[in-house]
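Every number here is computed from the coordinates shown, using simple stated rules; none is lab data. No experiment lies behind these values; they were computed from the predicted model shown. Here the Cβ is made from the backbone with ideal geometry for all residues, glycine too, and neighbour counts use every protein chain on show.
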Amino acid sequence: MHPFLIPIFVLLLQAVNLYNMSLKNKVAVLAGSKGAIAISIAKMLLKENAIVIVPAQSAKDLLWIKQIEAVTGSGSIITMLADYPDFYRAEQMTDDIIERFGKIDLSIACFESSSLTKPLNQVEITDWERTIEQNITAFFVAARLSFIGIKKSRRGMFISIDFTNHTLKTEQAKLTRLSLCMQKEMAKMFFEEIKDTNMEYYHLYVDPNKKKNKSQNNYIHPDELGALILDLYDGNTKGKDPLFHWMHNDH
């Protein structure tokens, strides 16, 4: 090889390695449910050698980690006790992350809501309070603290997962539908507030009934979510605008 080409060749290799390991040693917070979609996202992050931090409300929540312990890759998973509807406990967790790692590179809010199939005139006040706490307050706390943590890190990405369309198909799940529509409006407001900063925000629509590898009503199949998150973090947004519509930031 010509001696003048060696430095260029090395730079190209470095660029390829940077692209292939964009999440290596990156600090990623995964908040929300511990369901199948969250497990899939966690596995993807670990395979990409990220440091994955999972907030847990109780010791029972820690059991789901056993499902992803066998993942290959040198990433690590860390659990911290934090109840996301409790702003101050979650805030303490965010401060602990910044103190320990100095940054939050990626924060993902994945709240898979359970549907309450009752007409509104039959909803108990306890059902109302629990749904608002899980679908509105928890999402607000996760988003608010993500922006605080990323701001302290000077740069980062926040991704929220939207299950609204799938829930809207359940006619009797009126309270859940109402709360998720409120969550969606909150996401729009958050985006408008941070769109001119050094943060990136993607609000992704997920529908398990959508066919794979097919654009349908701007929604993506859960099995394709991990690959999309990787593309977005790598800055590969070409041809993906329909998947997040109004919720993206080019900064």
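Once backbone amide H atoms are built at 1.01 Å from N, ILE53 has ALA28, VAL29, LEU30, ILE78 as its partners under 5 Å, excluding neighbours fewer than 5 places away on the same chain.
Residues within the reach of a label modelled at ASP231 (point 7 angstrom out along Cα to beta-carbon, backbone nitrogen below 19 Å), restricted to the stretch 36-66, are 40-42, 44-45, 48.
Each of the peptides 122-129, 137-144, 230-237 was scored by the mean count of other Cβ atoms within 10 Å over its residues; in descending order, highest first, they stand as 137-144, 230-237, 122-129.
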